[in-house]
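**Q** Structure incoming, see below.
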Amino acid sequence: YQLILRSLLEDIRNLNSLSNGLLDMAKVSSDASSIIMHAARIDEILWEAYAELTTRKPGYIISIHFHEPIEEEKDLTVIGNPQLLKSALYNLADNGCKFSDNQTVKVHILSSPGKVILKFSDTGIGIPQEEADKILDPFYRASNARTISGSGLGLPLTSRIILLHNGTLTIESQQGTGTTISVELPSVNPL
């Protein structure tokens, strides 16, 4: 009986996650002018995502590293919607942990005038090269990821959120070795 109840609860969580993903996808796909944006520090948003994710999934190990000391606050400040950015960063950290045997992801924060870069690296299953161009399509799941829970909405949603913030998302992956996803966002520090 308890096994059936646990399975039912997991199905409910997955359905809830899917509906929230669809709602978020609709929000970022609709009129972008209705989304409120303001100055926010990307490192603080990342720490919020970290706290939320490690509370929900205490077995996850997320290490955050600054490539070099950041001396000016504006080097880490972006114009954006903190809730949407948190959703994107949460998803990238969650995927890194979910698709790694050791449930670990490393996040590196780099800054240069005009941009801030976050790199999420794991040593997980990687993405098959012949499927890499499809991974940002909604509902697409790589063939080696189908036994791991998910809806195929996380990366497409994250990509749209980053584009909405005038940023770029790049994926480098090798099957069986791991994946690094880089997010580059414009900072308020001028070039």
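The values are calculated or read from the model by the stated rules, or taken from the named source; none is laboratory data. All figures in this text were calculated on a predicted structure; none of them were measured in a lab. Cβ sites come from the backbone with ideal geometry, for glycine too, and all protein chains shown count toward neighbours.
**Q** Those residues that are among the polar types (S, T, N, Q), within 21 Å of residue 42 (Cβ to Cβ) and buried (at least 19 other Cβ atoms within 10 Å of the Cβ), I need them from segment 162-179; list them, please.
**A** 179
**Q** Of 22, 3, 53, which residue is at pLDDT 90 or above and part of a helix (DSSP H, G or I)? Before you say what the answer is, go through the steps one by one.
**A** Working: 22 fails: at pLDDT 90 or above; 3 fails: at pLDDT 90 or above.
When all the criteria are applied, what remains is 53.
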